[in-house]
Amino acid sequence: MTFFLQQVVDGLTTGSVYALIALGYSMVYGVLKLLNFAHGDIYMVGAFIGYFVLQAFGGATALVAPVAVVLIAMFAAAALGAGLLGVGIERFAYRPLRESPRIAPLITALGVSFFLENAVLLLFGSETRLYSTSSFIPFSTGVHVAGVNISLVRILVVVLAAVLMVGLRVLVERTRLGKAMRAVAFDREAAEMMGIQVDRTISATFFIGSALAGVAGVMAGLVFDQVFSLMGFIAGLKAFTAAVVGGIGNVPGAMLGGLLIGLAESFATGYISSTFQNLIVFGILIGVMLLRPNGLLGRATLQKV
Amino acid sequence: MTRPLLELDHVTLAFGGLHAVEDLSIAVGEGEIVSLIGPNGAGKTTLFNLITGVYAPTSGDIRVAGRSIAGLAPHRIAGLGVARTFQTLRLFVNMSVKENVMAATYGHTSARMWQSVLRTPKARREEREVNALAEEVLGFFSQRLMGYRWDQPAYSLSYANRRRLEIARAMATRPRVLLIDEPAAGMNPQETHEITDLIARLRDERGYTILAIEHDMHVVEGISDRVIALDHGQKIAEGSFEAVATNPLVVEAYMGRGTAVTKG
Amino acid sequence: MSTPNDAPPRIGVDEWVARSGERRDRGSGPSAAIVRALERVGWWQRLAVIAAIVALFPLLTSSDYAVRVGVNTLLLATLALGLNVVVGWTGLLDLGYVAFYGFGAYGFALLSSNQLGSSGIHLPSLLAIVIVVVAAALLGLLLGLPSRRLQGDYLAIVTLFFGQIFVETVTNVAPKVTGGPNGVVGIDPLNFFGLEVTTTRGYFYVLLIVTVVIMGALHLIDSSRTGRGWRAVREDPLAAALMTIPVNKVKLLAFSVGAAVAALAGTIFAAFQAGAYPTDFDTPFLILVYAGVILGGSGSIAGAVLGATVVSVTLELLRNPSQAATLFYGLILLTLVVRVRPWRKLGAVLAALVAFGFAVHAVIGAISASAVAGHPRSGGWVGDALGSWVVVPADPKGPGNIAFVVLILGLVALVQLKGTARTVLLVPLLYLAAFVWETRLVAEASITRQILLGAILIVMMNARPQGLLGSKRVEVL
């Protein structure tokens, strides 16, 4: 039983990370109808930023400031850096291609993704960086429930993710920006004619989605410890699966999808073997696409012929 | 009339609570030219989409020459003799004029890939036939789509010629029924006149049965044996042009409630 | 059908009539005569001539390395041809394409080595190839099934995932069968009716024949019913369906053909390497193939081959520092000559650049000796010549990295500017590029390759989406 609960805890933690990345995917797809391949790499950049902030504060074993301060700095810097990177990519790689056939921005995104991965490799080398979280947040601190140890780090991650997701929900549903986003996602031309600043809305969407990915990157570093240039690739694929499972373009769907994928992965690793982890996630993707192509929470959209 | 060539039998198309087409029954006899009129959003293009298989009816049946086609895949329906043009042109713009027409013969030809590579006699013969068919079909439009135009990319044609090409492409599918969606849209009076002649010739010289959506009443008057008016997905009038044009329900649909009341 | 110039195609404008004046004026001069002669020569004749020229290549060089590069280039060209069918003609973004290449390699490997069973399976090569290619075609059908319901973006990710799964499966699942991370070794060489192909030169010719045959077949298909069907599906799948084209079947056929071509290349690759390893079929290689197709022009048979050749040769040149230097600086000069007009402006830019460089070098040298103590990494005469021009610190890594980031930002800014501001910014930016090149890029050749590939995709899509030999498309959205 404790084993089961442990898997649930792990799954929710991983799922929270995936959910944050998936949100970015979904939001960008909603407004631009583009699957941003480079999104996973933005997450990776966020993880790196967090790492370097950690080092700036003295490194995992010799922090010069309270842990809370350091954590806030890491998250903030990653969010800001990743957000700006996302905005930059949209502005210079995707915006010129708004009127081009769909294949053009997709291939460009592929190029951007590859470029980012290798630029990071060039700048920072190929060795894996370690957050060494246990050095400043010991594993033993945490909560014991039914024999399962839930470390502080995991609680932090899940809680923060939940807060961000709720915040995003509020943003999308209650603010003017959120309304603009939904309008642009529905019909860009009409939104423009109604006076909505489409370019700015899209930039804002990219910023928020990328910032969330950046935060997810730091979370990943804290939970999984390892940071390396290719970590965004597979995480991106899984987050995409999560977004599709939940219904692409759908914010609550991305959250739900992320958690489901995280749990599926956890159980697969725990009960079968970690070798088949990705295979199972891929299987879920194919299954959903064939059986419920609009995802669990998505709605079929009509197309005018 | 004898058994109609195209029949819609109590067809309904519902998207959730929205009924795009409601209990519609239409019959078109062979060789007839029937016009479909109605205000925007009445369901005319939706009807075309239903007949050609883009949408499957929620209930009811659609039959061509007595054979039910409801629920069949679009390319099968096209292969059974139902062809159409589009309200907003949908040509294969980057392919040449001739290729546009030749591509539409796909369903009626059978040269496999390997046969084309090995240039078997059968493949070569079929290619010659397809070529000849394309040239013949394009020749229907006098000199406008002939000669050097054959190898021009479709996007380089003028608007009117692109409309003609779309009709030519539809003709290449060897249809029995031709659904034409707003043939005179965006045309000047001269071109409109030519289109009216063209549609008559399509029936007289080629024997097509034609169902046309049109807003320009001069064209409707000029071509139609019969007119059907739709509004909100339902048939509201049917008959000769004069009968339908003066039908109060039709006037109301176009002009708004209360306008059908005669003055004085 | 071709649009000879760079002017964008315009809807509703009869290009042939509009350009008649141009055609008359083009008349004189030797270059025009050559172009006219080329246009009169048929496609088949052109193919024969080029094939003959390429066939001479291994006879003109004694370097096995050069012929090996030729083999790799031909492999890439074959892959590009197959990918062109799927992406260029039918418009399906298949990002798992390289998995079929791997399938071909592993399939052949398992049927021509000691891997399976007690003494392995050693089928005659032709039989093994046929079996593998047919199996790949079927696998292509399978993978194509999701394409029925999926729009472009979804299909792309699903196929990307599939490619990833292939590599993972081959690496981790059933290591006894697939050899795990170490792959399958000891593969028989190609064996046709008693004739064994064991030399690099031999594989070169085998691949040349394969490439030429595929090019010919594709040319025939392009103007056939199947080719028209593929292109119509790319143009407008809905309209195609309504014009009797069975869109799903056509898409599946495209997937199948692409897979078969990739698998064929894979079999020869495995025989040539005498081994099949999972790392050969991973995403970086996929990007390589795509770069080739995009650069050459998706939709064009000759374009696919040309793009693959350019990419393959360029990347090979980057391995050797002195050749890389020639390539890098040569390319920059070429771009300047082509893009900066008139000649006076070009001269001014070059002069300013040279002066700027020497000035910066002198100033920084005066400030700090260690800042210029390093030697340009480019080998050969180029590196020596640049010694006093480019600033190379004793420890180049840090400044090089910073400069790299600044360079990217600078390039982005350059694209936004116009006119004089742009020309002025060009000079320091070029110098910065040389700086980054000498300090970082030359040292990390393999990473530079990848960065270049990514850049090719981004730049081509933005600047010239139709590639070198493709025709400009009109998209009605």
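With the alpha-carbon atoms as the only input, what is the per residue convex hull volume for the stretch C:213-269 in Å³?
Expressed per residue, the convex hull around the Cα atoms of the stretch C:213-269 is 70 Å³.
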Practice task
Take the cross-link list A:LYS238/C:LYS472; B:LYS44/B:LYS98; B:LYS98/C:LYS472; A:LYS179/C:LYS418; C:LYS345/C:LYS397; B:LYS98/B:LYS235 and give me the ones stretching past 28 Å between alpha-carbons.
Solution key: A:LYS238/C:LYS472; B:LYS44/B:LYS98; A:LYS179/C:LYS418; C:LYS345/C:LYS397; B:LYS98/B:LYS235
Practice task
Could you give log10 I(q)/I(0) at q = 0.07, 0.09 Å⁻¹ for chain B, computed by the Debye formula over C-alpha point scatterers of equal weight, without solvent?
Solution key: -0.27, -0.44
Problem - Gain upon complete extension [B:ARG3, B:HIS108; 0.36 nm per residue less C-alpha separation] - result: 35.2 nm
Problem - Options B:HIS218, B:SER158, B:VAL251, ranked by Cα towards positive dipole end of the stretch B:130-259, top entry (Cβ charges) - result: B:SER158
Practice task
Quick one: order B:ARG162, C:ARG10 by neighbouring beta-carbon count within 10 Å, fewest to most.
Solution key: C:ARG10, B:ARG162
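Among rounded, prolate and oblate, which fits the stretch C:323-463 when a ≥ b ≥ c are the square roots of the eigenvalues of its C-alpha gyration tensor, a/c under 1.5 means rounded, and a/b larger than b/c means prolate?
oblate
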Handout entry: Dipole-positive endmost among A:GLY58, B:SER110, A:GLY178 within the protein assembly as shown (Cβ charges, Cα centre)
Key = B:SER110
Exercise for the section: Mind giving me the FRET efficiency for C:ILE121 and C:SER63? R0 is 35 Å, r the Cβ-Cβ distance, nearest 0.05 is fine. Expected result: 0.50
Practice task
Please report the orientation-averaged projected area of the stretch B:18-83, defined via the convex hull of its C-alpha atoms, in nm².
Solution key: 4.7 nm²
Fill in the blank from the handout: For C:LYS345, placing the label point 7 angstrom along Cα-to-beta-carbon and taking the stretch C:406-427, residues whose amide nitrogen sits under 11 Å are C:418-424
Exercise for the section: Just check the stretch C:40-317 against the gyration tensor rule for me: Cα atoms, a ≥ b ≥ c as the square roots of the eigenvalues, rounded for a/c under 1.5, and otherwise prolate or oblate depending on whether a/b exceeds b/c. Expected result: oblate
Handout entry: Mean separation of Cα contacts under 8 Å (6+ apart) over length of the stretch C:323-463, as relative contact order %
Key = 25 percent
Exercise for the section: Give me C:TYR329, C:TYR290 ranked fewest to most by other Cβ atoms within 10 Å of their Cβ, as a rough exposure proxy. Expected result: C:TYR329, C:TYR290
Practice task
Could you compute the FRET efficiency for C:SER368 and C:LEU417, with r as their C-beta to C-beta distance and R0 at 35 Å, rounded to 0.05?
Solution key: 0.65
Practice task
For the protein assembly as shown, give the magnitude of the charge dipole about the Cα centre (Cβ charges: +1 Lys/Arg, -1 Asp/Glu; no others), in debye to the nearest 20.
Solution key: 1020 debye
Completion exercise
Computed over chain A: longest principal axis from alpha-carbon atoms vs helix A:2-32 long axis, angle to nearest 10 degrees, is 30 degrees
Practice task
Considering Cα pairs under 8 angstrom that are at least six residues apart, work out the relative contact order of chain A and quote it in whole percent.
Solution key: 37 percent
Practice task
Among C:ASP236, B:ASP204, C:ASP94, A:ASP225, rank each residue by its count of other Cβ atoms within 10 Å, from fewest to most, as a rough exposure measure.
Solution key: B:ASP204, A:ASP225, C:ASP236, C:ASP94
Exercise for the section: Taking each pair of different alpha-carbon atoms in the stretch C:153-252 once, compute 1/r for the pair, average those values, and report the inverse of that mean as the Kirkwood hydrodynamic radius in Å to one decimal. Expected result: 17.9 Å
Handout entry: Cα Rg over Rh - the stretch A:2-291, Kirkwood
Key = 0.97
Exercise for the section: Specify the angular offset, from 0 to 90 degrees and rounded to the nearest 10, of the alpha carbon long axis of helix C:343-367 from the longest principal axis of the alpha carbons in chain C. Expected result: 70 degrees
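Looking only at other chains, what is the average number of their beta-carbon atoms within 10 angstrom of each beta-carbon in C:459-472?
What the average comes to for C:459-472 is 3.
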Problem - Extent along principal axes [Cα atoms of the stretch C:92-162; Å; largest to smallest] - result: 46, 18, 15
Problem - Förster radius 45 Å - calculated FRET efficiency between C:LEU468 and C:PHE193, Cβ distance, rounded to 0.05 - result: 0.70
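So, with +1 on the Cβ of K and R and -1 on the Cβ of D and E, and no other charges, what is the size of the charge dipole of the stretch C:40-317 about its Cα centre, to the nearest 20 debye?
My answer is approximately 700 debye.
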Fill in the blank from the handout: Placing one equal point scatterer on each C-alpha of the stretch B:50-169 and summing with Debye, one gets log10 I(q)/I(0) at q = 0.14, 0.15, 0.16, 0.20 Å⁻¹ equal to -0.72, -0.80, -0.88, -1.11
Fill in the blank from the handout: Here, B:HIS193 and A:TYR271, labelled 7 Å along Cα→Cβ, have an inter-label distance in nm of 7.9 nm
Completion exercise
For chain C, longest principal axis from Cα atoms; helix C:283-296 axis from its Cα atoms; angle between them, nearest 10 degrees, is 70 degrees
Handout entry: Computed P(r) (all Cα pairs; chain C; 10 Å bins; percent)
Key = 4, 16, 25, 24, 19, 9, 2, 0
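Checking a compactness column here: for the stretch C:283-379, what do you get for Rg(Cα) / (2.2 N^0.38 Å), N being the number of residues? Provide the component values of the computation, followed by the final result.
On the way: Rg = 18.6 Å, N = 97, 2.2 N^0.38 = 12.5 Å.
Ratio of Rg to 2.2 N^0.38 Å for the stretch C:283-379: 1.49.
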Exercise for the section: Please give, to one decimal in nm, the separation of the simple spin-label points placed at A:SER132 and B:LEU118, each 7 Å out from Cα toward the Cβ. Expected result: 7.0 nm
Completion exercise
Of the candidates C:SER370, C:LEU417, C:PRO399, the farthest towards the positive dipole end of the stretch C:323-463 (Lys/Arg Cβ +1, Asp/Glu Cβ -1, centred on the Cα centre) is C:LEU417
Completion exercise
Projected onto their principal axes, the Cα atoms of the stretch B:180-243 stretch, largest extent first, over whole-Å spans of 31, 27, 20
Problem - Cα centroid of the stretch B:1-73 to Cα centroid of the stretch C:306-369, whole Å - result: 67 Å
Handout entry: Sorted largest first, extent of the protein assembly as shown alpha carbons per principal axis (Å)
Key = 98, 77, 73
Handout entry: Magnitude of the charge dipole, chain C, Cβ model with Lys/Arg +1 and Asp/Glu -1, debye to 20
Key = 1260 debye
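Any read-out appearing in this document is the output of simple, stated calculations on the displayed coordinates, not a laboratory observation. Please read these numbers as outputs of a predicted model, since none were measured by experiment. Heads up, the Cβs are rebuilt from the backbone with ideal geometry, glycines too, and the neighbour counts pull from every protein chain shown.
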